[in-house]
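The values are calculated or read from the model by the stated rules, or taken from the named source; none is laboratory data. Everything numeric in this text was worked out from a predicted model, so none of it was measured. FYI the Cβ positions are ideal-geometry reconstructions off the backbone, even for glycines, and counts take in every protein chain you see. In case anyone asks, the SASA skips ligands and DNA or RNA and just uses the protein heavy atoms, side chains included. Shrake-Rupley method; radii C 1.70, N 1.55, O 1.52, S 1.80 Å.
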Amino acid sequence: MALLKGHWQLLLLTAIVFALWRTPAVVPLKILIVFFHEASHAIATFVTGGKVLSLSISANQGGEVWSQGGNRFITLTAGYLGSLLIGVGLLIAATRTEADRAIMAGCGVVTLVITGLYVRDLFALGFGIGTGVAMLLAARFLGHKANDMALRVIGLASMIYVPYDIFSDTIARSNLRSDAHMLAEEFGGTTVMWGGLWLILSLVVIGWCLRYGLGRSSNLDFKLR
């Protein structure tokens, strides 16, 4: 009962995202999460001393990063788990801080920087520039609550999408050349083993977020003052 009372808005948002999951309305969110996934690969490559040659995402929710060097174990692992941590971080920041407009602006700047540095194909350029500019405009012209709600939707969508994507790409369709498939080729084990470990870890992180990250109440106050 306390969960329902303190977090009914997040529960309602989750239900709405699930209801719209297979409709065109959620496709931009899914592509944004793919961008998070590929950006996580790129950031991990850069941080571990490698060089990112290009980053691409597609309208059918695919993506890839071409790189040289870096720690392959970390860069291959960073995709799914990195995008999950981005989603969790955005959700916690939205529910526990008042810095929503600054966070949205920061997301817009980072999106534009990554797009400018690494993206070369037309669709990905259009999506990256359009999304980054939209985030900056939202931060500038929309109020705190509108930005807060947008961050919640993005964070929740990422938390929903990542475990589903891990299961689909590495367990249900283990023959695909996924991150887990390449990890198994280079470091041993099997695609299903690495995918299963990532799935368990993602569910643990989501469970921690829901249990400890959101506080006693995450509901927005929409009362007129």
Q. Got a sec? Which of Val109, Val113, Val119 is without any contact (Cβ under 8 Å) to a residue 12 or more places away in the chain and on the phi < 0 side of the Ramachandran plot?
A. Val113
**Q.** Residues satisfying the stated conditions in the range 77-122, i.e. in contact with a strand residue (DSSP E or B) (Cβ under 9 Å, 6 or more places away or on another chain) and either modelled with pLDDT of 95 or more or open to solvent by less than 50 Å² (accessible area, probe 1.4 Å) (or both)
**A.** Gly79, Ile114, Thr115, Tyr118, Val119
Q. When the residues of the range 48-70 are filtered to those that are free of Cβ contacts under 8 Å to residues at least 24 places away in the same chain and not in a strand (DSSP E or B), which remaining residue is surrounded by the most Cβ atoms within 10 Å (Cβ to Cβ)?
A. Asn60
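Here is a yes/no grid of residues against (1) under 18 Å from the mean Cα position of the chain (by Cα); (2) without any contact (Cβ under 8 Å) to a residue 24 or more places away in the chain:
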| position | (1), (2) |
| --- | --- |
| Ala172 | no, yes |
| Asp179 | yes, no |
| Met182 | no, no |
| Gly188 | no, yes |
| Thr191 | no, yes |
| Gly195 | yes, no |
| Trp198 | yes, no |
| Leu201 | yes, no |
**Q.** Residue, modelled with the highest pLDDT, within the range 204-225, restricted to residues that are farther than 15 Å from Trp8 by Cα and over 21 Å from the mean Cα position of the chain (by Cα)
**A.** Lys223
(Q) Please count how many residues of the range 126-170 are open to solvent by 20 Å² or more (accessible area, probe 1.4 Å) and of a type in the set (Asp, Glu). (A) 2
Q) What are the residue pairs meeting all of these: first residue in the range 75-104, first residue under 15 Å from Gly213 (Cα atoms), second residue outside any helix (DSSP H, G or I), Cβ atoms under 8 Å, and 6 or more apart or on different chains? A) Leu91/Leu214; Ile92/Leu214; Ala93/Ala99; Thr95/Leu214; Thr95/Gly215; Thr95/Ser218; Arg96/Leu214; Arg96/Gly215
Q | Single unsatisfied condition, Ala44 versus (1) farther than 30 Å from Phe73 by Cβ; (2) open to solvent by less than 70 Å² (accessible area, probe 1.4 Å); (3) assigned to a helix (DSSP H, G or I) | A | (1)
Q.
Just to be sure I understand, how many residues within the range 203-215 are farther than 16 Å from Gly79 by Cβ, open to solvent by less than 70 Å² (accessible area, probe 1.4 Å) and touching a residue at least 12 places away in the same chain (Cβ under 8 Å)?
A. 5
